[in-house]
Amino acid sequence: MGVAKASAAALLQHQNGGGSNNKLAAQQRKPISWTVVCGFLLFCLGLISLFTGHVASDLEWYSQRLVKRSFFSKLEGISRVPIDIWKSEYSSYFYGCSQRGRNFAPAVPQRLSNGYLLIGASGGLNQQRTGITDAVVVARILNATLVVPELDHHSYWKDDSDFVNIFDVDWFISYLAKDVTIVKRVPDKFMRSMEKPPYTMRVPRKSAPEYYLDQVLPILLRRHVVQLTKFDYRLANDIDEELQRLRCRVNYHALRFTKPIEKLGQKLVMRMRQMANRFIAVHLRFEPDMLAFSGCYFGGGDKERHELGEIRKRWETLPDLSADEERKRGKCPLTPHEVGLMLRGLGFANDTYLYVASGEIYGGDDTLRPLRELFPNFYTKEILANEELKSFLPYSSRLAAIDYIVCDESDVFVTNNNGNMAKILAGRRRYMGHKRTIKPNAKKLSALFMARDKMDWDTFSRKVKISQRGFMGEPDEMRPGRGEFHEYPYSCICQKPISDVQTSRSGEQLGGNHV
């Protein structure tokens, strides 16, 4: 009420303060009623209340954006500065942090656990990797003893490799000993004493921890051994932070390749480094089955439509898709030629060294020729390691593991798709220091590729750089709730105080290429 009186008094003072010349006009005016004044003030207060209520409801969202923007503005000095295409300017401000918390209880001993958990990881190498990672977390949730997961031998790749042929199993068990008890097999004595064979079930995709506690644990307690089949992406993205960090310990530390795979992979990295100080690794997922599944069209005419159409018949439940609509939506993988155009548009010169990781490329050398012409320094594992590769050739997962190592060690990693390897490697490279990782913004790029002949090169390059902002693996692309946790491991990325980081980077900036 005091505010209302003060405001009314000020209003009246203003009306009566015009001097003697205005007295007559003032006397002729009607006095303003208290009802009008109070009504006006209440209206203003209502507007203020409405506004502040809206701000309060979105306070967390705004504060997160302001904090993030303020942090990056301190680093940049100005907004939207050019981006170094070889290395993130801000990688030194972030680091991987997956240590267990003080209150994270030690692993339950085998004799005290709730039973044995058998896991059948499905798919190819990187799909299996997600299953193995989540299997450890599920075993932790259930207080179960995990049996070393079995790998799928019946997938499209028909690889009969076991866990021990790809990963260092002893390291896997010992590294995670404080988190989960892991054994190589269910003890024979225990198996012989069982009245029934292990109970087998498949859980829904992205199941929350509560699902495992409600639906799997009672069976485990009753049967003592439970087998979960087709185990890939069967655990929710959003789980407790300590469990998320366990995911990171498994994926980025416990899953170490066997010595033969690691040795050959590092040899290929060394050979690339002997030819060039820095190189790009491109993961080209352009196999016939993948293209058929996408429902897209890649310019191969009736021959392509027939061949991919025949392959597509393998999946009876696939819907009919419009190739043009899928491309407009950014759902089609980039062709090798489009990958080359994107990289040249970003500013990579044609003397840049490329390591190309791929399986069977649809169309073979004819499909790869435009990329080779754009980047003549073109290498694959087959080119770099001819004889040494022979013992690995029958095993697609081991070949994929070699590609994984070279892609992980590269200065820049580029993918033409959003598949399992692309996601897993993107997450690992973020965790290992935000090494430059380029993911095509296919939705915007597809329109540029279609209009390529209608613009000069400088215009095309400028638009490619604009389209790719936010898809270059920068730290500010990390945010909770975005995509798969394996691709965006936000709980395992920590930020250093700005004051702790050296501001001088003259030794780090190797070139002048920017986006």
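Based on the alpha-carbon gyration tensor of segment 328-397, what equivalent-ellipsoid semi-axes (square roots of 5 times the eigenvalues) come out, in whole Å, largest first?
After scaling each eigenvalue by five and taking roots: 24, 17, 10 Å.
For segment 101-142, treating each Cα as an identical point scatterer without solvent, what Debye log10 I(q)/I(0) comes out at q = 0.20, 0.25, 0.33, 0.34 1/Å?
Taken in order of the listed q values, log10 I(q)/I(0) reads -0.72, -0.89, -1.14, -1.17.
At a 10 angstrom cut-off on C-beta neighbours, averaged per residue, how do the peptides 446-457, 314-325 rank from highest to lowest?
Ranking the peptides 446-457, 314-325 by packing returns 446-457, 314-325.
Could you check the spin-label model distance between R329 and A349? Points 7 Å from the Cα along Cα→Cβ, value in nm.
For the pair R329/A349, the computed spacing is 4.2 nm.
Report Rg (one decimal) and Dmax (nearest whole number) for segment 191-323, counting Cα atoms only, units Å.
22.6, 63
What's the ranking of 113-126, 367-380 by average number of surrounding C-beta atoms within 10 Å, highest first?
In decreasing order of mean packing, 113-126, 367-380 become 113-126, 367-380.
From the Cα trace of segment 87-172, what convex hull volume per residue do you get, rounded to a whole Å³?
Given the Cα convex hull of segment 87-172, per-residue volume reads 151 Å³.
Per residue Cα convex hull volume for segment 363-414, in cubic angstrom?
That works out to 111 Å³ per residue.
Starting from 0.36 nm per residue, how many nanometres of slack lie between L221 and N277 once their C-alpha separation is accounted for? Don't skip to the end; give the middle numbers.
Details: separation 56, 0.36 × 56 = 20.16 nm, distance 5.64 nm.
Result: 14.5 nm gained on full extension.
Within 10 Å, count the other beta carbons around each residue, average over each peptide in 486-492, 106-112, and list them highest first.
Highest mean packing first, the order is 486-492, 106-112.
How far apart, in nm, are the 7 Å Cα→Cβ label points at T317 and R452?
Rounded to a tenth, the inter-label distance reads 3.7 nm.
What share of all Cα pairs of segment 144-253, in percent, falls into each consecutive 10 Å distance bin?
In order of increasing distance, the bins hold 11, 37, 42, 10 percent.
Work out how much length R185 to T459 would gain on full extension: take 0.36 nm times their residue separation and subtract the Cα-Cα distance, in nm to one decimal.
Numbers: separation 274, 0.36 × 274 = 98.64 nm, distance 6.08 nm.
Going from the current span to full extension adds 92.6 nm.
D for segment 216-256, whole µm²/s, Stokes-Einstein with Kirkwood Rh over alpha-carbon pairs at 4 °C and 1.567 mPa s: what number?
104 µm²/s
On full extension of the chain, what length is gained from R111 through E241, given 0.36 nm per residue of separation minus the C-alpha to C-alpha distance? Walk me through the numbers before you get to the answer.
On the way: separation 130, 0.36 × 130 = 46.80 nm, distance 2.77 nm.
Fully extending the segment from R111 to E241 adds 44.0 nm.
Please work out the FRET efficiency for the pair R192 and H153, using the Cβ-Cβ distance as r and a Förster radius of 25 Å; give the result to the nearest 0.05. Write down the numbers at each step before the final one.
Numbers: r = 26 Å, r/R0 = 1.04.
Result of the calculation: an efficiency of 0.45.
Using a basic spin-label model with each label point 7 Å from the Cα along Cα→Cβ, how many nm lie between F471 and K390?
Between F471 and K390, the simple spin-label model gives 4.3 nm.
Pop the C-beta distance of L213 and R479 into the FRET formula with R0 = 30 Å and round what comes out to the nearest 0.05. The partial results should precede the final answer.
Values: r = 29 Å, r/R0 = 0.95.
After rounding to 0.05, the efficiency reads 0.55.
Which values of log₁₀ I(q)/I(0), to two decimal places, follow from the Debye formula for segment 241-313 at q = 0.28 Å⁻¹ with a uniform point scatterer at every Cα?
Debye output, listed in q order: -1.20.
Treating only the Cα positions of segment 309-450 as identical point scatterers, give the base-10 log of I(q)/I(0) from the Debye formula at each q in 0.11, 0.14, 0.19, 0.21 Å⁻¹.
Here log10 of I(q) over I(0) equals -0.49, -0.79, -1.37, -1.52.
Coordinate-derived values only; no laboratory data. These numbers were taken from a predicted model, which means no experiment stands behind them. Backbone-built Cβ (ideal geometry, glycine too); neighbour counts: all protein chains shown.
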